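Just below is one structure, and these are the notes that go with it.
The numbers here are math on the coordinates, done by the rules we state, and not lab data. Everything quoted here is computed from the prediction, not taken from an experiment. Here the Cβ positions follow ideal geometry from the backbone for every residue, glycine too, while neighbour counts run over all protein chains shown.
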Amino acid sequence: MTTSAPPATPARSPVNKGLKLGALGLLSTIVIGVASAAPGYSLAATMGYIADEVGTKGPIIMLLAFIPMLFISYAYKALNKVDPDCGTSFTWVARVFNRRLGWVTGWVIVAADVIVMANLAQIAGKYTFDLLGLKGLTDNTWAVTTLGCVWIIGMTWIAWRGIELSARTQVVLLGLELLALAVFSVVALVKVYASKAGSLAIHPSLDWFNPFSGGMTFKALSAAFLLAVFIYWGWDTAVSVNEETDNRAVTPGRAAVLSTVILLVTYVVITVAAQAYAGVGKEGIGMSNPDTIADPLSGIGEAVLGGWGVKFLFLAVLSSAAASTQTTILPTARTTLSMAAYKALPKAFGDVHPRYQTPTASTWAMGIASVVFYAGLTWLSPGSLNDLILSIGLLIAFYYGLTGFASAWYFRNEPGRTTKDLWLKVILPVVGALILLAAFVKTAWDSLAPDYGQTHPFGIGGVFVLGIGSILLGVVLMIVWNVMRPSYFQGSTMRDGVAIGEHGELVETE
């Protein structure tokens, strides 16, 4: 394999896939990036498990997980500048390394997004019933599943109706979410320092930010780290809408980096406030109480805000899950659109609505696949829903890590490179990738144990089955596509065998 050094200016413009060009500015792109990570939902779904793994060390875990996220965001920024294609990691890994690895990378992005939709939909369904005061339905698995599926279909429709409608929806949902979380944090900390938080409360300590005290094991650190990686995941959506962004070679990458910083501040503040108010114990509203570990924020929020205040927090988490449902559909649809454009998927996935200028088949395929997966998993193994987040962490580490390695390899011999370029395009991305690789290998090994997670199909951990199994399934599907379309896998760059018109549009050759 040989890869030529990139020029200082963008190497190419993406092929015109029919998307609405220049529809988003920097602010809208940042909103999409932050909303896709779903701060409220992510914290509700992971804080308890992180506390169970590392006790009061949750805040430092948030900081440690931020480091590789920031480093990988630099890789996205650098690669987007030379190749602003909505396929992002699929396109870049295929271009830098080879098409087989690129195809598997694209599959992993799709698999991670479909899997997380089950958890998003479950939170959306549950919090809708909580908000309406229908406690009986909150505990009804099929009522929550049905409403969750309705949420998926509704958000799919919004994503299909146009990127600008999607962006406006995100501004409203994210604004509501961040306001509610800010109110929760301020009130919780005020009550803690005013000694009005109850017997479980503990004052914030600098020790919470010290990873070397408290006897934390590497196994616990690795598991908690991947959980925290999961809650940062989503900022790359800011790059996946690059072809619809104004100044698409610069704005998406800048938005990705800024999104990770906003998420860091949000996560550290909320984690400190929640564990200060409730503690990390297994009793009452303690964050690692096994009865509420899947969603400690609900009970803590009710204790902090009470009455209508907690309704506001419920609305924030609901809006977070709904927003992330929509912004999870966006990058997946654009990944499969790009794969179809380069003939890595059937042509139908490349269809774009002439009026809305959004991927039609790709968007609705994502929504329908998510409904089928969510309903099917609920029917076959409801307990597996609790293993989803750790399994998704494996997939995230896989494709984020590959993107970091791709940046380092692509820019290793960049002509005229400055010291700053060396750090931002090569050193930091590869360090981020190595951190994610270490966490991936350690957690994959640990998750083989049948007592790891909530389920143990085939005598091994359900987390391993969902995570590593998804990657292996992608390898099998890649081999199948290689048999069906061997011409796609010939060549080392994404432009080989694709006819491009004078304005960058795809020219059908078959």
* Asked: When ranked by the protection proxy of mean other Cβ atoms within 10 Å per residue, highest first, what sequence do the peptides 196-202, 221-227, 95-101, 392-398 form?
  -> 392-398, 221-227, 95-101, 196-202
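What is the gain in length, in nm to one decimal, between LEU131 and SER381 on full extension, counting 0.36 nm per residue of separation less the C-alpha to C-alpha distance?
That works out to 87.3 nm of additional length.
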* FRET efficiency, HIS203 to LEU434 (Cβ-Cβ, R0 30 Å, nearest 0.05) -> 0.25
* Asked: Straight-line reach from LYS17: which lysines have a Cα under 17 Å away, not including same-chain ones fewer than 8 places off?
  -> LYS343, LYS347
* For the range 343-364 and the range 41-61, compute the distance between their C-alpha centroids and round to whole Å. => 39 Å
* Asked: Under a point spin-label approximation (7 Å from Cα along Cα-to-Cβ), what is the LEU21-LYS196 distance to one decimal in nm?
  -> 5.8 nm
* Structure fact -> For Kirkwood radius over Cα pairs in Å the list reads [x] 23.9; [y] 25.7; [z] 22.8; the calculated value is entry [z]
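Hey, can you list the DSSP H helices of the chain whose Cα span along the axis is 15 Å or longer and whose average Kyte-Doolittle score is at least 1.6? Please list the in-between numbers first.
Details: long enough: 26-37 (17 Å, 2.16); 39-54 (20 Å, 0.39); 58-82 (37 Å, 1.36); 99-131 (47 Å, 0.82); 141-160 (28 Å, 1.33); 163-193 (44 Å, 1.66); 218-232 (21 Å, 1.98); 251-278 (40 Å, 1.44); 307-341 (52 Å, 0.84); 360-380 (30 Å, 1.18); 388-410 (33 Å, 1.53); 428-446 (27 Å, 1.65); 462-484 (32 Å, 2.33).
Qualifying helices: 26-37, 163-193, 218-232, 428-446, 462-484.
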* How much net charge surrounds THR363 when only the other residues with a Cβ under 11 Å from the Cβ of THR363 are counted, with Lys and Arg +1 and Asp and Glu -1? -> +1
* To do: Any chance you could check the Cα centroid distance between the range 279-335 and the range 166-195 for me, in angstrom?
  => 12 Å
* To do: Can you pull the one-decimal nm distance between simple spin-label points at PHE218 and ILE368, each 7 Å off the Cα toward Cβ?
  => 4.7 nm
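Ordered by packing density, taken as the mean number of other Cβ atoms within 10 Å over each peptide's residues, highest first, how do 157-168, 335-346 rank? Don't skip to the end; give the middle numbers.
Values: 157-168: 19.2, 335-346: 24.7.
Highest to lowest by the protection proxy: 335-346, 157-168.
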* Asked: At TRP157 and ALA449, where each label point lies 7 Å from the Cα along Cα→Cβ, what is the point-to-point distance in nanometres?
  -> 4.7 nm
* For the pair TRP423 and VAL483, what calculated FRET efficiency results from E = 1/(1 + (r/R0)^6), where r is the Cβ-Cβ distance and R0 = 51 Å, to the nearest 0.05? -> 0.75
* Asked: In whole Å, how far is the Cα centre of the range 94-136 from that of the range 442-477?
  -> 17 Å
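Mind checking the dipole of the chain: about its Cα centre, +1 per Lys or Arg Cβ, -1 per Asp or Glu Cβ, Debye to the nearest 20? Walk me through the numbers before you get to the answer.
Working: 31 positive and 29 negative charges, 159 e Å.
Dipole size: approximately 760 debye.
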